[in-house]
Amino acid sequence: MLGERSEPIAGLSKDIYFLKFAPPMPHPRLHIVSFDVPFPPSYGGVIDVFYKIKALHALGVKITLHCFHYGREKSSELEKYCEKVYYYSRRTSVFQLCSSEPFIVNSRKSEEMLNALAADDAPILFEGLHCSAYVAHPALKAKKKIVRTHNIEHDYYRALARVEKKWSKRQYFKREAGKLEKFEAVLNHAQHVLAISPADAADLSSRYKNVQHVMAFHANEEVKSKPGIGDFAFYHGNLEVGENNQAALFLVNEVFRSLDYRLVIGGNNPSAELRNAAAGMKNVTLKANINTTEIDELIANAQVNVLPTFQATGIKLKLLVALFNGRHCLVNAPMVANTGLESLCIIREDAASMRAEIQRLATEPFTAEEIDKRRVALAERFSNKLNAEKILKLIV
């Protein structure tokens, strides 16, 4: 028993004793509910989920993972880090649109999952509002519940509506934004809300009392940027997302059209508009549906990772990947707003100033001094281990 004393050892003070070893503390247990299958970690949201799972596993947390799947395959890789992995089909019928709940929430319900979550006393980490349908459910009332927010979702959906060109999708995004704004109050039923960026933490803290900032989890634990000079600029992202399509079109049509410098764009499912715009320019190469390894090689070998965005929401994991692995990083203000990464990037706001900066950077070697600066700035705030320890403190 902890604290039980053994007999004093002859020749030593009677006040000196050995404590018998206590039995090892049981490993903490945790349910994680993921909006998608988090492997491979090939886009923003699942990158955060997958590397969070890895980091918590490394700290000894016994994880039961619940995944909604609707296109991604089941993955044996997840079984390396989770004791159990359950998969549930996402209900994507058009009838789900008729609910007063947001579609992204109402389509991620499962009685089987609810029963599994309620079957023990382990805490639950819900990944995003997407997975929060049962946060206020009476069956989970006695459970410790944590919600990880990936965005201010109603702001994100309104921003998607602004850039969407199809009327039907634009109306969907607008309706979903209104539903998400009302549904967000479910966060009052969680003991903890983990915001992904300082700006989101400040926004949510104005409405809820249980918010703290836990930075995004990611694939990198050390800066691997290469010194020297590359010969092209690179933009990457999930190109079927409206904001990324808008950013890529901006680069093609407004920045590189009058530049004698090569731009490579990599990402999934580019729009016909982007394909046509890229095809009409000799200095633009579009690499569609390439894998993570190819993306990483392009990030590392580019002279400039150019990453504009027109939505200052959450934190862009593509920016972290570029800073850990790439050379010069050229962004606009919304990409780095309230992230603490401003000093590591070159910030330009319009097409003309971006063109001028790309011309300057084309012959500017990336130096060992710049790499050291990144190491110092990124080492602590973006450590997966330190951020996992924050979560561990909440579940033990």
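Nothing in this text is a laboratory measurement; each read-out follows from the coordinates by a stated rule. Just so you know, these numbers come straight off a predicted model, no measurement behind them. Please note: Cβ atoms are built from the backbone with ideal geometry, for glycine as well, and neighbour counts cover all protein chains shown.
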Rounded to the nearest 500, what is the chain's calculated 222 nm mean residue ellipticity when only DSSP H runs of at least 4 contribute -39500 (n - 2.57) each, over all residues?
-10000 deg cm²/dmol
Considering Cα pairs under 8 angstrom that are at least six residues apart, work out the relative contact order of the range 233-379 and quote it in whole percent.
22
Which cross-chain or sequence-distant (5 or more) residues have an amide H under 5 Å from the amide H of Tyr88, H modelled 1.01 Å from N in plane?
Cys67, Phe68, His69
Restricted to the chain, the DSSP antiparallel beta bridge percent, nearest 5, is 5
In whole angstrom, note down how far apart the Cα centers of the range 315-373 and the range 40-98 are.
31
Excluding Val147 itself, what net charge comes from residues whose Cβ is under 11 Å from its Cβ, given Lys and Arg +1 and Asp and Glu -1?
0
Diffing the range 268-274: the Karplus 3J(HN,Hα) column from phi (6.51, -1.76, 1.60, θ = phi - 60°), in whole Hz with x for Gly and Pro, holds 7, 6, x, 5, 4, 4, 5
Given contacts defined as C-alpha pairs under 8 Å and at least six residues apart, what's the relative contact order of the range 120-183, whole-number percent?
29
HN-Hα J couplings of the range 150-162 from phi, Karplus 6.51/-1.76/1.60, θ = phi - 60°, integer Hz, Gly and Pro as x?
9, 7, 7, 4, 5, 5, 4, 6, 5, 5, 4, 4, 5
Between beta-carbons, use under 12 Å as the cut-off and find the net charge around Asn210, counting Lys and Arg +1, Asp and Glu -1.
+4
Provide the packing ranking of 285-292, 351-358, i.e. peptides ordered by the mean count of other C-beta atoms within 10 Å per residue, highest first.
351-358, 285-292
Among the listed pairs Lys226/Lys318; Lys84/Lys109; Lys62/Lys182; Lys145/Lys179; Lys141/Lys182; Lys144/Lys316, give every one whose C-alpha distance is greater than 26 Å.
Lys62/Lys182; Lys144/Lys316
Largest to smallest principal axis extent of the C-alpha atoms in the range 202-349, angstrom
53, 34, 29
